[in-house]
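Engineer: Let me give you the structure first, and then I'll get to my questions.
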Amino acid sequence: MSDKTEPTSASTTKVHVTALDGLVNVNSLFTVAVFMGLSFTTPGQRSLEDRVHCDADATVARKLLVFEVVSFSFFLFSSLVAQGLKLAINLLNSNDVDNATKALINLKALRFGMLASAFGSVMGCVFLMLSMINVIQIRLGMLSCGSKSTIHAVAALVILVTSALLMYISTAIFIFIRGGKLSHDIN
């Protein structure tokens, strides 16, 4: 963190704080999804599939619990990093009391923190998706059973979440690589 601290404009700092707020808000929504996934699953629950061998066993329920806890941990990590960055920006604000959104910040540290926070969100989403696959198997029947409902639900979940994560990762990498050049062009 010995890099020189580069001043940013008030609007640029405000954009960083707004982006961090958005990340924390999304992580909060996903955290609610984690607990909802846990609440809908009870031990010994039978699937909606009529065939007995399609019911999930205790291994699936254990995987669900592990994936939910790991997902929650990543979302919490991401939110705490984002909140720490927001705290740093707010505490390092300018001496101008009338303009608390302008701060002298280390842009490399900020970019690294934002990347770490984004990484936590991505990993949280991956583990949330894995846990939701287990919820689907518990509720609709095991994938190995060949239930069309289970296969369609899992396929839709994997395709949509993976597509969204690829777009999110691509955007984050682009901004991380081009971010320094773009912020210098703006100022």
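What follows is calculated from the coordinates using simple rules that are stated; it is not laboratory data. What you are looking at is a predicted structure, and each value in this text was computed from that prediction instead of being measured. Cβ atoms come from the backbone with ideal geometry, glycine included; neighbour counts cover every protein chain shown.
Engineer: Just rank SER147, SER117, fewest to most, by other beta-carbon atoms within 10 angstrom.
Structural biologist: Fewest-to-most ranking of SER147, SER117: SER147, SER117.
Engineer: Provide the per-residue ³J(HN,Hα) series for the stretch 113-124, in order, calculated from phi with Karplus coefficients 6.51, -1.76, 1.60 and θ = phi - 60°, each as a whole number of Hz, with x at glycine and proline positions.
Structural biologist: Coupling constants for the stretch 113-124: x, 5, 5, 4, 5, 5, 4, x, 5, 4, 5, x Hz.
Engineer: Could you line up HIS53, HIS152 from fewest to most neighbouring Cβ atoms inside 10 Å?
Structural biologist: By the 10 Å Cβ count, ascending: HIS53, HIS152.
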